[in-house]
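Comments concern the structure below.
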Amino acid sequence: MTMSLFTKCLAKSPWVYHVSCGSCNNCDIEILDVLTPRFDVERFGVLLAGSIRHADALLVAGAMNRKSIPRVKKLWEQVPKPCLVIAIGSCALGQGVFRGSYAMGEPVDKYLPVHAYVPGCPPKPEAIILGVVTALKALEGAK
Amino acid sequence: MTIETLLFDLFVLLVFPGLLFTAAMGMLASWIDRKLTARVQYRVGPPLFQPLYDFIKLLGKETIVPKGASKTIFLGAPLIGLSAVTLFSAMVGAAMIWPEYGFTGDLIVALYLLAMPSLAIIAGGAASRNPIASVGASREMKMMLGYELPILLAVCVVLLQTGGELRLGKIIHAQAVHQLTWPWVLATLLALFAMLLGMQAKLGLVPFDAAEAETEIMGGILVEYSGAPLAIFRLTKMMLLWAVPLFASALFLGGSFTSWKGALWALGGYVVFLVLITLIRNTNPRLRIQHAVGALWKLAGLCALAGILVAFLWR
């Protein structure tokens with residue numbers, strides 16, 4: 001009973017934290033655009049979390065180069081569970097054009113449990129919002 | 001001290017006008033602030049119960065205490081802040097409804113209680129074992145040095161106007177029945193201006209929110225807080241958003257809930273303060289800590305001093 005009240009409130013108040021795993025910055029710019037007044041995500045309770053400890057959803061962009069791997073793992077340890085992970089952009093999905101490069105590790109979902117994938121290079125802000133909403137619906141449906 | 005008075009005191013402290021009532025009104029005030037911010041930015045803004053959703057969500061999240069952090073202070077500081085603001089709002093609310101409920105000197109107790117949430121957040125930030133939190137804590141300390149001065153000078157104006165009354169109920173009554181002579185109005189306006197800037201800093205809002213600058217230092221003081229302690233700190237901030245402007249409208253405008261006229265001044269003054277605080281928050285950049293303290297001492301402090309001069313010369 002309390003679990004479903006908390007889950008409902010988590011779905012109504014997801015604070016997002018932006019993680020870049022060696023991205024080219026385009027997806028980061030689109031994530032920034034999502035948080036501008038034009039798209040008004042505060043309607044859905046979405047706020048940008050300044051600290052990883054305040055995060056409920058990680059917006060992961062970037063192809064996961066080798067330097068990012070230990071840092072992303074550390075971030076995942078630091079975030080208070082439950083936390084959603086949304087992979088943004090084709091690099092986060094399957095490393096895009098950078099697959100097989102000497103500087104790359106594995107795609108994001110080998111290191112983090114991804115709940116939603118948002119394809120695009122970069123995805124439009126509307127697509128990113130749809131990704132977050134899909135992840136929230138999955139959260140409500142699963143629990 | 002009978003069992004009835006004890007139960008009544010507990011009711012005043014915990015239900016009305018204490019913890020539960022102030023928490024509810026604080027969430028409403030926080031929503032008004034966010035909604036007004038959204039409208040100013042041509043947005044729609046969050047739904048009415050958004051602060052409540054935030055609070056419940058944070059209660060259900062994992063609480064992580066950083067390794068090497070002082071666990072007692074880290075987890076205890078939010079509770080100290082919450083109890084101080086609960087007591088403060090209970091005292092001020094009770095003085096506005098039942099003026100004989102207080103005691104002589106409860107104004108001074110209220111002012112001390114008002115300092116405690118900031119001290120609690122400083123302690124919590126300092127106990128977080130994080131350099132970012134230390135920076136935030138040191139900035140909050142400097143900010144306290146900054147805003148305590150204009151707030152106390154503004155309260156001195158009230159003391160001069162009421163002839164040295166130290167009892168909240170009597171001060172409110174004296175302010176309510178006072179004639180609107182021009183020295184009184186001038187002194188009150190000067191004191192209100194100083195109090196407005198002091199409140200902005202006390203509530204940790206732009207342009208005086210260097211301590212918790214999200215874009216600069218990742219949440220500042222609260223960077224390591226998660227889960228229930230974070231929920232309690234945020235609730236404390238929301239309760240201050242209700243209690244402090246109400247305190248100002250009681251003290252300077254004579255607002256009280258013993259009469260219709262008093263309630264009009266109390267709630268009308270509160271709404272005006274809240275709107276002003278939100279609009280100032282939305283139209284100003286953040287001041288650097290040295291400029292913030294400078295503005296609080298020079299601009300607000302000198303205004304309050306001028307108010308004291310006017311109130312003293314035409315007492």
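The values are calculated or read from the model by the stated rules, or taken from the named source; none is laboratory data. Nothing here was measured: the structure is a model prediction, and the numbers come from that model. Cβ atoms come from the backbone with ideal geometry, glycine included; neighbour counts cover every protein chain shown.
Taken together, the criteria place B:LEU196 among residues that are away from every other protein chain (no Cβ under 14 Å) and part of a helix (DSSP H, G or I).
Yes or no: the stretch B:65-80 includes at least one residue that is within 17 Å of the chain's Cα centre (by Cα), β-branched (Val, Ile, Thr), part of a helix (DSSP H, G or I) and within 27 Å of A:ILE52 (Cβ to Cβ).
Yes, that holds for at least one residue.
Table: residues versus (1) free of Cβ contacts under 8 Å to residues at least 24 places away in the same chain; (2) over 19 Å from B:LEU36 (Cβ atoms).
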{"position": "B:ALA231", "(1), (2)": "no, yes"}
{"position": "B:LEU235", "(1), (2)": "no, yes"}
{"position": "B:LEU240", "(1), (2)": "no, no"}
{"position": "B:SER249", "(1), (2)": "no, no"}
{"position": "B:THR258", "(1), (2)": "no, yes"}
{"position": "B:LEU267", "(1), (2)": "yes, no"}
{"position": "B:VAL271", "(1), (2)": "yes, no"}
{"position": "B:THR278", "(1), (2)": "no, no"}
{"position": "B:ARG281", "(1), (2)": "no, no"}
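With within 18 Å of B:PRO245 (Cα to Cα) and either outside any helix (DSSP H, G or I) or aliphatic (A, V, I, L, M) (or both) as the only criterion, which of B:ALA38, B:ALA24 stands out? Residue meeting the stated conditions: B:ALA24.
Checked against the criterion of being modelled with pLDDT of 95 or more, buried (at least 17 other Cβ atoms within 10 Å of the Cβ) and away from every other protein chain (no Cβ under 13 Å), the candidates B:GLY81, B:GLY93 yield just one match: B:GLY81.
Taken together, A:ALA87, A:ALA92 contain a single residue that is away from chain B (no Cβ under 14 Å), of a type in the set (A, V, I, L, M, F, W, C) and outside any helix (DSSP H, G or I), which is A:ALA87. Restricting A:ILE52, A:ILE29 to those that are farther than 23 Å from B:VAL223 by Cβ, out of contact with any Gly (no Cβ under 7 Å at 6 or more places or on another chain) and of a type in the set (A, V, I, L, M) reduces the list to A:ILE29. Pairs are defined by a Cβ separation below 6 Å, a sequence spacing of at least 6 or placement on different chains, a first member in the stretch B:41-55 that is more than 7 Å from chain A (Cβ to nearest Cβ), and a second member that is among the polar types (S, T, N, Q); the pairs so defined are B:PRO51/B:SER30. Cβ-Cβ contacts under 6 Å between residues 6 or more apart (or on different chains), taken from a first residue in the stretch A:3-27 that is free of Cβ contacts under 8 Å to residues at least 24 places away in the same chain and within 8 Å of chain B (Cβ to nearest Cβ) to a second residue that is of a type outside the set (Gly, Ala, Ser) and in a helix (DSSP H, G or I), are listed as A:CYS9/B:TYR53; A:CYS9/B:ILE56; A:CYS9/B:LYS57.
Of all residue pairs spaced 6 or more apart or on separate chains, those with beta-carbon atoms under 6 Å, a first member in the stretch B:161-178 that is under 13 Å from B:ALA110 (Cβ atoms) and a second member that is among the β-branched types (Val, Ile, Thr) are B:LEU166/B:THR104; B:ARG167/B:THR104; B:ILE171/B:THR162.
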